[in-house]
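Data block below; observations after.
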Amino acid sequence: MALDHTLIGVDGPAHERTWTAKDTMLYALGVGAGTSELEFTTDKGQRVLPTFAVLAAQAPSGRRLGDFDPALLVHAEQSFELHRELPPAGGVRTTSRVTGIYDKGSGALATLSATAVDLRTGEPLITSRSAVFIRGEGGFGGDRGPRDPWTAPDRAPDHKVTYATRPEQALIYRLSGDYNPLHSDPEFAARAGFDRPILHGLCTYGVTGRALLHTVAGSDPGRLRGMSGRFTSPVFPGESLTVSVWEEGVEVLFRTSKDDGTVVLDHGHATILHP
């Protein structure tokens, strides 16, 4: 089994995706929004959680990186930049490419980028970047990749927000389109080394985005224009997530942890527009 390094730098076929107001409401429910966030979970003055951008700009899951056991692939990093606020219903045309495949020894890190333009106007709407880690595919003698010098400030966070996840959270989130059995099938999860299905990394990412939205963006989705983070540990549905946020001038840093202190989303940056 091996990864296909010839994919690096090559654009995949353009992909069109549309969504409805129901889709964006379902996404909000999938990342834990509820009765206290009716502007995202109902159609009364509906607005869209900014982290929906990651789903809107996703390339089709069928694009392969090579021949490997999919149970050995985990989401490693994710970022997005919004060029304007997302509409409750809309559509994009997305072009994506593999930007690198790096040798991490115990596995390989593949980085990807995507650009999504509005189907109606052709204007840029979303820029998305992600990385996946494939266990057992390292050791090919390649570059280890760039280093991120992120460090948490040496002081208490300016904000700490804790959200509980539900035992069925992954079953709700998967209805937004990610049907990877790692998050629903106990037998598949066991193949990946887990005693039960884990929560989608992008669900953890969305829960974190809600915390950022309400603590540093005044609950205004037009102000949260981007965020990035590195997935560092799995979350099981039903566990609580605490988001620690530091405001460093114009820069916003964050990390997300479980109740036992395990960091699950690290190296966080957020882009906030000031009113």
State whether the residues of region 129-142 include one that is buried (at least 16 other Cβ atoms within 10 Å of the Cβ), aromatic (F, W, Y) and assigned to a helix (DSSP H, G or I).
-> no
Farther than 23 Å from A21 by Cβ and hydrophobic (A, V, I, L, M, F, W, C) - does that describe any residue in region 137-149?
-> yes
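Conditions tested, residue by residue: (1) under 18 Å from V74 (Cα atoms); (2) buried (at least 16 other Cβ atoms within 10 Å of the Cβ); (3) without any contact (Cβ under 8 Å) to a residue 60 or more places away in the chain.
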{"position": "A156", "(1), (2), (3)": "no, no, yes"}
{"position": "V161", "(1), (2), (3)": "no, yes, no"}
{"position": "A164", "(1), (2), (3)": "no, no, no"}
{"position": "H183", "(1), (2), (3)": "yes, yes, yes"}
{"position": "A190", "(1), (2), (3)": "yes, no, yes"}
{"position": "G193", "(1), (2), (3)": "yes, no, yes"}
{"position": "T208", "(1), (2), (3)": "no, yes, no"}
{"position": "G226", "(1), (2), (3)": "no, yes, no"}
{"position": "L241", "(1), (2), (3)": "no, yes, no"}
Within region 98-111, is even one residue part of a strand (DSSP E or B), over 21 Å from G142 (Cβ atoms), in contact (Cβ under 8 Å) with a residue 40 or more places away in the chain and not aliphatic (A, V, I, L, M)?
-> no
Considering only region 1-91, give the helices (runs of 4 or more DSSP H) lying wholly within it that have at least 2 residues that are of a type in the set (G, A, S) and surrounded by 13 or more Cβ atoms within 10 Å (Cβ to Cβ).
-> 21-30, 52-56
Of the residues R144, R135, which is closer than 21 Å to V263 by Cβ and of a type in the set (K, R)?
-> R135
Over region 72-92, the set of residues modelled with pLDDT under 95 and either β-branched (V, I, T) or out of contact with any strand residue (DSSP E or B) (no Cβ under 9 Å at 6 or more places or on another chain) (or both) is V74
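The values are calculated or read from the model by the stated rules, or taken from the named source; none is laboratory data. Note that the coordinates shown come from a computational prediction; the quantities given were computed from them, not determined experimentally. In this analysis, Cβ positions are derived from the backbone assuming ideal geometry, glycine residues included, and neighbour counts consider all displayed protein chains.
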